[in-house]
Amino acid sequence: MLTRWLDVISVWAIPFLIGFIPLYGWLRGVKVYETFVSGAEEGFKMAIKMIPFLVGILVALNIFQASGALDSLIRFLSGPLGLVGIPAAVVPLILIRPLSGGAALGITTGLLQHFGPDSAVGRLASTIQGSTDTTFYVITLYFGSIGVRRTRYALPVALIGDLAGFIAAVVICRRVFGP
Amino acid sequence: MVNVVWLVLIIGGLVVSAVHGTMIPVTQAIMTSSEKAVEIALGFIGIMTLWLGMARIAEESGMMRTLSRLMNPLVSRLFPGIPKDHPAMGNMLMNISANVLGMGGAATPFGLKAMEELQKLNTLKERASANMITFLAINTASINLIPATVIALRVAAGSHNPTEIVGPTILATTISSLVAVSVDRLLRYWHHDTNPNG
């Protein structure tokens, strides 16, 4: 039942908005097409403005990954994390999730194929993938686009939130699905 | 902080690659990833253009204002100091709603627009305002009702119950959001941010 509703929402959300926003505007006497075009112009500028920030962050991440530094970090951390009940298999996902959406998606796909989607690791990886975001990327992009250089305590706040999400996912999955 | 993380990623990576002798793949990664970054940004143009056009209609028709007025009692506590009808509020709400519905592509343009509006209120343009940080704390915790991508992945991997992780996901994301907002509140007072827009 709940599943069916969620399916309906995810199928209809975008078409609904694409229809509802212009219709509402038209009923309010807005020249919808001209207004759309004038707003849409900004899209191009905004995407171009993203380039320097994306280049900066992706290059740094890829250096870290391609050098083998990320693998060493994962090996180093999987021991202590195993002690608190986080399976070693999801450690790479936890470390990469805040950094790169694409890479995290790749790891989750790999874990689901290898362990099976209905295994403990598969469920935990799914929950982690769905419940957190690419924090580091979002912060550089959002602040970068408006030229803010001093981000102050934004990164620590966001990363503590992520950490809480990971711990919550581990505890909840164990409670709901068993160890 | 971002500066330090960025530098550590680069220097740490280079040092390790010197030790492991992985200089050639690292050089390749530098080249391909800078190309890839531009590709991603260009790929964004279509969806950004579409949603920013829609956002303008929503703004001009008063839909944003209605939305922010409806939600105002809830969010004005989170974002003190933003005038009631300010477009920053409407854009932040659209961004959060898009995230909640799992429409990542629609969320980013509204989010960037919201940052632009917050920047208009910001008194020190190079420095993040307290309200910006709160917005990002909520945004990166990504309150998400429909993890559509994950469900699709699970279906593809042959799961017997692909949506069973929806409940745990909602709960985990709620907890991470609550923690992020609480820590943000603590640090806001700790940093003596008396001007939420400064």
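The values are calculated or read from the model by the stated rules, or taken from the named source; none is laboratory data. The model shown is predicted, which means the values in this text are computed figures rather than measured ones. Glycine also receives a Cβ, built like all others from the backbone with ideal geometry; neighbour counts cover every protein chain displayed. Each accessible area value is taken on the protein alone, full model and side chains, heavy atoms only, with ligands, DNA and RNA left out. Shrake-Rupley method; radii C 1.70, N 1.55, O 1.52, S 1.80 Å.
Between the alpha-carbon centres of region A:65-112 and region B:127-152 there is a gap of 21 Å. Heavy-atom accessible surface of chain B, averaged per residue, reaches 44 Å², computed with a 1.4 Å probe.
Of the solvent-accessible surface of region B:157-198, computed with a 1.4 Å probe over protein heavy atoms with every protein chain present, carbon and sulfur atoms account for 69 percent. Our helix-only sum for the protein assembly as shown, with -39,500 (n - 2.57) per DSSP H run of n ≥ 4 divided by its residues, gives a mean residue ellipticity at 222 nm of -26500 deg cm²/dmol.
Taking only Cα atoms and a 10 Å spring cutoff, compute GNM fluctuations for chain B and point out the largest among B:157, B:107, B:137. Greatest mean-square fluctuation among the candidates belongs to B:157. Sequence-distant contacts, meaning Cα pairs under 8 Å at least 6 residues apart, place the relative contact order of chain A at 19 percent. In the protein assembly as shown the Cα-Cα distances spread across 20 Å bins starting at 0 as 27, 59, 13, 0 percent of all pairs. Overall, region A:96-179 carries a charge dipole of about 260 debye about its Cα centre when +1 sits on the Cβ of Lys and Arg and -1 on the Cβ of Asp and Glu, all other atoms neutral. Beyond 19 Å in Cα-Cα separation lie none of the pairs A:49/B:125; B:84/B:113; B:84/B:120; A:49/B:113; every one falls at or below that value.
Among rounded, prolate and oblate, which fits region A:1-147 when a ≥ b ≥ c are the square roots of the eigenvalues of its C-alpha gyration tensor, a/c under 1.5 means rounded, and a/b larger than b/c means prolate? Here region A:1-147 falls in the oblate category. Within chain A, the whole DSSP H helices whose Cα atoms reach 20 Å or more along their own axis and whose mean Kyte-Doolittle score is at least -1.0 are A:2-27, A:32-66, A:69-83, A:101-115, A:154-177. What chain A shows is 47 Å² of accessible area per residue, with the surface traced by a 1.4 Å probe over protein heavy atoms. Sites count as exposed loop sites when they are trypsin sites (Lys or Arg not before Pro), lie in a DSSP loop, and have at most 16 other Cβ atoms within 10 angstrom; the longest stretch of chain B without one is B:1-76. Think of chain A as having a plus end and a minus end, set by charges on the Cβ of Lys, Arg, Asp and Glu; of A:15, A:166, A:115, A:166 sits farthest toward the positive end of this dipole. Over region B:73-198, the hull volume per residue, using the convex hull of the C-alpha atoms, is 107 Å³. The charge dipole of region B:39-194, taken about the Cα centre with unit charges on the Cβ atoms of Lys, Arg (+1) and Asp, Glu (-1), comes to about 300 debye, rounded to the nearest 20. A crude spin-label estimate for the pair residue B:15 and residue A:34, with each label 7 Å from Cα along the Cβ direction, gives 6.1 nm.
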